[in-house]
Amino acid sequence: MRQKERRPGHKAQPAGSPGNRRNDERSSHPPKAVKPVAARETVREAAAPGASERPLKDRTGNRPHERVPVILESLGAGDFHLIDSGTGLKLEQYGPYRIVRPEGQALWQPSLASHVWEKVDAIFTGDTDEEGTGRWRFPKEALGETWPLHLLGVDFYGRFTSFRHVGVFPEQIVHWSWMKEQVEAAGRPLKVLNLFGYTGVASLVAAAAGAEVTHVDASKKAISWARENQALGRLEKLPIRWICEDAMKFILREERRGNTYDIILTDPPKFGRGPNGEVWHLFEHLPLMLDVCREILSPQALGLVLTAYSIRASFYSIHELMRETMRGAGGVVESGELVIREAGLDGKTRGRALSTSLFSRWVPK
Ligand SMILES: C[S@@+](CC[C@H](N)C(=O)[O-])C[C@H]1O[C@@H](n2cnc3c(N)ncnc32)[C@H](O)[C@@H]1O
């Protein structure tokens, strides 16, 4: 694919560092080799359960049908839309604020005049390199660290983080809308598992729609941000289990216990760490992660949704892995890219498509 490989790596990171995005945004990268050898080995010992934990199941039966390529496009929703992009930058609207951030995919020239790009509220002026942390510049006036946002019926805080992220990856609106529809149409409380759930927007959307949600993330700060989001919308009564744990460890335990879920969302970084130093490498651990996810899908499951950022891979890589994993399960695997469409200053004028990530999802029909 066209994306560059950059995702902030992930050590149970500060909440602002979601662990990584394609094109700097959630770029994940292995930790810098600054640790002495002994310390590095300790980390290795704490590695997330890999192939040694349990072998992959021998999957038989036909591969599910396929739908490819599927481009899931968002023109924005709620308080978010992409205004313009170009010259390696994107201009976005997040509630009251216009924000400029680096965007490696935007090879073209901006559509809007330079004075529009200059009259913004915040500009990320960090290191645009993959490991880049940075600073925000506020050309008009100093802004507070957080501000309220609204999307798909839930409230949450935007936050100017030193990893250029603002607490939500709005291209995932398409998955979240799909999930919301499934939950609302189910006629029973669906069990949703949100792995690598970050600030919990997807978990809140699912719970507000009527699901019982289990949210897993390695970062304590991300979990407390997610709880703040829940409190902001006065949604404390909703059934969400906030779990600070290594995602792989968690699902292996659920498999042993026989616990199942109707919808699983998994949005792993390329590289990450669990709270106890467990190492997550997408290319090494994804096959087992999907294999275990399949085992913990309920008999009436409605979907297994994988999003992948910042990898040098085609969507076919995750598509074929998903189809192999779901052999014999029937249904369809649909895969492609998540893109955000420029929507102009008014939020309605369709412009160019900005690709953000790859996805693959299995659905029963
Ligand atoms: C890219 S974010 C996910 C974003 C979120 N799904 C969304 O779209 O808003 C990745 C998250 O994975 C978490 N993470 C990284 N390594 C992990 C691990 N081994 N186990 C669980 N969570 C991990 C990070 O703390 C971070 O919040």
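The values are calculated or read from the model by the stated rules, or taken from the named source; none is laboratory data. Note that the coordinates shown come from a computational prediction; the quantities given were computed from them, not determined experimentally. Cβ placement follows ideal geometry from the backbone for every residue including glycine, while neighbour counts extend to all protein chains displayed.
Quick check on the range 323-335. Is at least one of its residues within 16 Å of the ligand (Cβ to nearest atom) and in contact with a strand residue (DSSP E or B) (Cβ under 8 Å, 6 or more places away or on another chain)? Before you say what the answer is, go through the steps one by one.
Restricting attention to the range 323-335, the residues satisfying the condition of being within 16 Å of the ligand (Cβ to nearest atom) are none.
Looking for residues that are within 16 Å of the ligand (Cβ to nearest atom) and in contact with a strand residue (DSSP E or B) (Cβ under 8 Å, 6 or more places away or on another chain), one finds none in the range 323-335, hence no.
Of these, 257, 273, 234, 227, which one is within 30 Å of residue 184 (Cβ to Cβ) and in contact with a strand residue (DSSP E or B) (Cβ under 8 Å, 6 or more places away or on another chain)?
227
Take the conditions among the polar types (S, T, N, Q) and either more than 16 Å from the ligand (Cβ to nearest atom) or closer than 20 Å to residue 263 by Cβ (or both) and apply them to residue 162. Does it pass?
Judged against the criteria, residue 162 is not a match.
Within the range 334-343, is there a residue that is part of a helix (DSSP H, G or I), out of contact with any helix residue (DSSP H, G or I) (no Cβ under 9 Å at 6 or more places or on another chain) and surrounded by 20 or more Cβ atoms within 10 Å (Cβ to Cβ)? Steps first, answer last, please.
Of the residues in the range 334-343, the ones part of a helix (DSSP H, G or I) are none.
No, the range 334-343 has no match at all.
Which one of these does residue 246 not meet: (1) touching a Gly at 6+ places or on another chain (Cβ under 9 Å); (2) surrounded by fewer than 22 Cβ atoms within 10 Å (Cβ to Cβ)?
Every listed condition holds for residue 246 apart from (2).
Check every one of the strands (runs of 3 or more DSSP E) wholly within the range 1-115 and list those with 2 or more residues that are at pLDDT below 95, among the aromatic types (Phe, Trp, Tyr) and crowded, with 19+ Cβ neighbours inside 10 Å.
Qualifying strands (runs of 3 or more DSSP E): none found.
Of the residues 205, 183, 216, which is hydrophobic (A, V, I, L, M, F, W, C) and within 9 Å of the ligand (Cβ to nearest atom)?
216
Restricting attention to the range 159-186, and to residues there that are part of a loop (DSSP other than H, G, I, E, B) and modelled with pLDDT of 95 or more, which single residue is surrounded by the fewest Cβ atoms within 10 Å (Cβ to Cβ)?
186
crowded, with 17+ Cβ neighbours inside 10 Å and within 15 Å of the ligand (Cβ to nearest atom), is that true of residue 262?
So residue 262 fails the test.
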